[in-house]
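Working notes, beginning with the structure itself.
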Amino acid sequence: MVNRLLSFISLFCTTNINFAQTTSHTITIGTDVRTYYVYRPVGFNQQTESLPVIFALHGLGGNASQMMLAGFNQIADTARAIVVYPEGKLNSYNQQAWANGTALQSNANDVQLINVLIDTLYYRYNIDLSRVYVAGLSMGGIMAHRLGCKLSNRIAAIASMTGTISTDDLTNCTPTFHMPVIHWHGTADGTVPYDSGQLPTLELVPATMHYWLSKNNCTPIDSVIIAIPDNVNDGYTIDRIEYSNCPGTVKVELWRINNGPHTWYYQPANDADGAKEFWRFFRQFQHSSPAPASIRETNENSSLNVFPNPSYNGWIQFDGITNSADVEVYNLQGKLVFKTEIKLNEKLFIENKGVYLVKVIQANTFSVYKIIVQ
């Protein structure tokens, strides 16, 4: 797949997009140092808000900066959500890619990357673990399908623009939860074919939709086709195909762009906007039983020392707090037990015996320590 799918960028570049709320981070997965960017909505307060998260995955040969132009940041400000833009790793053809089971994948562990990032975002930003969503473009969309399959215990819904499911996932992957899916695809897509000319290791759109309808126990014949008003002279028409006869609240949608190519669809250039419709779809769903945050110690502030550990009377002391720090105490299930403020030379008291994660936040850094109270 060649990187010709971001032709929308030149049009977006004339738009005033606020990057001031975007921060850059790195995280180590195995031996790989990975880069990701976080966009927080204006006025975000992690002490009072527990917001949903959208992971936005770029296409083959693309990057996170390009994906930031797709429209999710504007949605984040109005809908109150956090958007995360990970960077892919280079494949054997020197293209930024995702490890999604296709012939052009990288060798990185991207499933583990997203899994660890969910934990990291929980401890850093107090995200809502029941409202984690993944959207992807082209190869990023293929990766979204993989994550919906392999991390169905953590992800509430997925969205793909022009990226079908890999043959490997269709054959070998079994999600443990029903997964809401929205998929957009042009019938004239020359890069990821719609219903003929199948590429090696990659499925066509009908097989992709059948996979999710089957895994979600939906009835394929019970679908509703809604024609989107054709108000823009772009040469395409759009049919929204809804499969709502699924267990519980699960839904599957296919947006068929008739005569549409391999690109990102957005307004005002097209009759519908991918980012807006993805969010409209996402916000309907909340994971019924999301996996809790894993127990991970993260020490961004190496100057901070927490002792004694274990504590035999419940009192914890901090060496390295310069003025004051916000402290959050979590149990082993990743649930917040309590939070407080600790000033210089003050101690923290944990009443009940057990194992806890103690998160210490000061300035722009935080550290998480596993503390035993005996």
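The values are calculated or read from the model by the stated rules, or taken from the named source; none is laboratory data. Everything numeric here is computed off the predicted structure, so don't read it as measured data. As a convention, Cβ positions derive from the backbone with ideal geometry for all residues, glycine included, and neighbour counts pool all protein chains shown.
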- Task: Working carefully through the options His287, His210, His183, His262, find the one that is in contact with a helix residue (DSSP H, G or I) (Cβ under 8 Å, 6 or more places away or on another chain) and modelled with pLDDT of 95 or more.
- Result: His183
- For the range 350-366, what are the residues that are assigned to a loop (DSSP other than H, G, I, E, B) and more than 25 Å from the chain's Cα centre (by Cα)? Ile350, Glu351, Asn352, Lys353, Ala363
- Query: Taking into account only those residues within the range 220-234 that are among the aliphatic types (A, V, I, L, M) and surrounded by 10 or more Cβ atoms within 10 Å (Cβ to Cβ), which is farthest from Gln267 (Cα to Cα)?
  - Reply: Val224
- Quickly run through the range 327-374 and pick out the residues that are small (Gly, Ala, Ser) and loosely packed, with under 12 Cβ neighbours inside 10 Å. Ala363
- Could you list, in sequence order, the residues of the range 25-43 that are crowded, with 18+ Cβ neighbours inside 10 Å and in contact (Cβ under 8 Å) with a residue 60 or more places away in the chain? Ile29, Arg34, Tyr36, Val38, Arg40
- Query: Condition test on Thr322, is it surrounded by fewer than 20 Cβ atoms within 10 Å (Cβ to Cβ), closer than 30 Å to Gly71 by Cα and outside the structural domain of Val232 (by TED's automatic domain parsing)?
  - Reply: no
- Query: Among the residues of the range 142-170, which ones are of a type in the set (Val, Ile, Thr) and under 14 Å from Met209 (Cα atoms)?
  - Reply: Ile142, Ile158, Thr162, Thr164, Ile165, Thr167
- Within the range 313-361, residues touching a Lys or Arg at 6+ places or on another chain (Cβ under 6 Å) and either small (Gly, Ala, Ser) or farther than 22 Å from Ala293 by Cβ (or both) come out as Trp315, Gln317, Ser324
- Task: Determine whether the range 259-279 contains at least one residue that is in the same structural domain as Ala135 (by TED's automatic domain parsing) and assigned to a strand (DSSP E or B).
- Result: no
- Taking the range 100-159 and keeping only residues that are in a helix (DSSP H, G or I) and farther than 20 Å from His25 by Cα, one is left with Met139, Gly141, Ile142, Met143, Ala144, His145, Arg146, Leu147, Gly148, Cys149, Lys150
- Query: Which one of these is out of contact with any strand residue (DSSP E or B) (no Cβ under 8 Å at 6 or more places or on another chain) and over 20 Å from Pro52 (Cβ atoms): Pro220, Pro206?
  - Reply: Pro206
- Query: When Pro290 is evaluated against the numbered criteria (1) touching a residue at least 24 places away in the same chain (Cβ under 8 Å); (2) surrounded by 14 or more Cβ atoms within 10 Å (Cβ to Cβ); (3) over 25 Å from Met67 (Cα atoms); (4) over 24 Å from the mean Cα position of the chain (by Cα), which criterion, by number, is the only one it fails?
  - Reply: (4)
- Within the range 170-203, residues being in a loop (DSSP other than H, G, I, E, B) and either of a type in the set (A, V, I, L, M) or in contact with a strand residue (DSSP E or B) (Cβ under 8 Å, 6 or more places away or on another chain) (or both) number 9
- Are any of the residues in the range 74-81 buried (at least 24 other Cβ atoms within 10 Å of the Cβ), in the same structural domain as Leu202 (by TED's automatic domain parsing) and among the β-branched types (Val, Ile, Thr)? no
